[in-house]
Amino acid sequence: MNMHFYRKLPIPQVIKEEYPLSAEMEQIKNERDREIKAVFEGRSEKFLLIIGPCSADSHEAVLDYISRLRRVGDEVKDKIIIIPRIYTNKPRTTGAGYKGMLHQPNPDEKPDMLKGIVAIRELHLDALKYYGFTCADEMLYPENHRYLSDLLSYVAVGARSTEDQQHRLTASGIDIPVGMKNPTSGDLSIMINSIKAAQSSHTFIYRGWEVKSDGNPLTHAILRGYTDFAGKNISNYHYENLVNVVEMYSKSGLLNPAAIIDTNHANSSKKYLEQIRIAKEVVENRKQNTDIKSLVKGLMIESYIEDGAQCIGEHIYGKSITDPCLGWDKTEKLILELADML
């Protein structure tokens with residue numbers, strides 16, 4: 001067997017006991033969950049911004065960024081709910097490259113999954129403890145979700161994972177909003193089927209247990225654009241695209257129709273500055289059509305302290321080592337402008 005078993009990792013319960021939430025942190029988490037769920041259930045008209053670095057690569061820099069989100073978030077809290085992106089494990093198209101803090105707490109060092117599990121929990125804990133933020137993370141590995149399940153208020157399932165059975169079934173047993181991205185092929189029926197699966201009850205194997213899920217009625221769509229047969233990036237955030245998603249939802253019978261628009265990836269062709277224009281266009285389209293306003297609950301934006309991206313080893317503080325991100329000055333201005341538009 002071409003697999004080398006180094007060590008048995010602690011189960012999530014052990015890690016949670018070693019790095020627990022305080023009673024005050026649990027209360028903040030519950031309040032945040034209620035506020036965010038109300039948006040997806042149509043009981044709140046607040047707008048969601050799921051915003052932050054492409055990948056969380058540095059405890060210090062990510063918390064610095066989140067402290068800035070806290071300040072601007074307080075200014076716009078009457079209209080916008082900020083959900084910081086703390087993405088601690090990253091899908092890689094070919095398997096090569098930085099796979100996130102879960103794998104490498106220090107990007108300059110070799111992978112260490114045990115240190116990684118502790119590092120990602122400490123980062124999410126500190127975001128909550130010091131800044132009152134429960135955050136979003138991508139569920140790259142369904143079996144690892146429980147290491148953070150008491151800390152997260154939002155979960156994203158990536159474009160390459162949306163078709164995977166274990167991701168769909170695990171999402172059906174999560175009690176916070178889970179966004180299913182459209183696949184890289186752009187076939188929205190796959191995304192709709194993924195949402196339908198996650199909103200249903202299932203019996204399956206999870207972490208060595210036979211489990212039964214209740215179904216997650218807050219599972220919803222994330223539109224991130226796609227790549228066509230010729231390798232060209234095609235966006236799917238425009239007015240006509242959103243009308244089409246409204247129609248697909250109406251025919252599906254799904255609960256709580258909702259979509260988050262990813263302003264980067266194929267929607268921007270990874271031209272990170274385009275996120276500003278895309279975000280404003282989406283908000284403007286919500287104002288032109290009540291069905292679109294009801295559908296689109298928020299935006300997903302890749303943003304960090306410095307504009308762009310760098311290579312591992314350059315050590316530019318607060319600059320992405322994966323996809324290029326919008327820098328802080330532009331981010332703060334955009335958040336304030338979006339609040340004025342809403």
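Scan the range 112-165 for trypsin sites (Lys or Arg not before Pro) in coil per DSSP, keeping those whose Cβ has at most 16 other Cβ atoms within 10 Å, and list them by number.
ARG160
Order of LYS8, LYS79, LYS297 from fewest to most other C-beta atoms within 10 Å?
Fewest to most other Cβ atoms nearby, the residues stand as LYS8, LYS79, LYS297.
Rg and Dmax of the range 16-90 over Cα atoms: what are they, in angstrom?
13.9, 38
With runs of 4+ DSSP H residues as the only contributors, calculate the mean residue ellipticity of the chain at 222 nm using -39,500 (n - 2.57) per run, divided by the residue total and rounded to the nearest 500.
Only helices count here, giving -12000 deg cm²/dmol.
Among TYR237, TYR131, TYR19, which one shows the highest mean-square fluctuation when the chain is modelled as a Gaussian network with alpha-carbon springs under 10 Å?
TYR19
If Lys and Arg each add +1 and Asp and Glu each add -1, what is the summed charge of the other residues whose beta carbon sits under 13 Å from the beta carbon of TYR272?
Taking every Cβ under 13 Å from that of TYR272, the sum is -1.
Taking Cα pairs under 8 Å and at least six residues apart, what relative contact order does the range 195-235 come out at, in percent?
31 percent
Taking one equal scatterer on every alpha-carbon of the range 75-196, how large is log10 of I(q)/I(0) by Debye at q = 0.09, 0.21 1/Å?
Listed by q, the Debye log ratios stand at -0.27, -1.23.
Given the options GLU18, GLU306, GLU138, which has the most mean-square fluctuation in a GNM of the chain, springs set between C-alpha atoms less than 10 angstrom apart?
Looking only at GLU18, GLU306, GLU138, the largest GNM fluctuation is found for GLU18.
Considering Cα pairs under 8 angstrom that are at least six residues apart, work out the relative contact order of the chain and quote it in whole percent.
Over the chain, the number comes to 16 percent.
With a cut-off of at most 16 other beta carbons within 10 Å, and DSSP calling the residue loop, which trypsin sites (Lys or Arg not before Pro) in the range 32-75 qualify? Please list them.
ARG43
Give me the compactness ratio for the chain, meaning the Cα radius of gyration over 2.2 N^0.38 Å.
So the chain has a normalised radius of gyration of 0.93.
From Cα pairs below 8 angstrom and at least 6 apart in sequence, can you work out the relative contact order of the range 192-332, rounded to a whole percent?
Reported relative contact order: 18 percent.
Starting from the Cα gyration tensor of the range 84-127, take the square roots of the eigenvalues, sort them a ≥ b ≥ c, and report rounded, prolate or oblate (rounded when a/c is under 1.5, otherwise prolate if a/b is larger than b/c, else oblate).
Oblate shape, in that a/c is at least 1.5 and b/c is the bigger or equal ratio.
Only the coordinates and a few stated rules stand behind these numbers; no lab work does. As the structure is a computational prediction, the values presented were derived from the model and not from experiment. Neighbour counts are summed over all protein chains in view; Cβ atoms, including those assigned to glycine, are modelled from backbone coordinates with ideal geometry.
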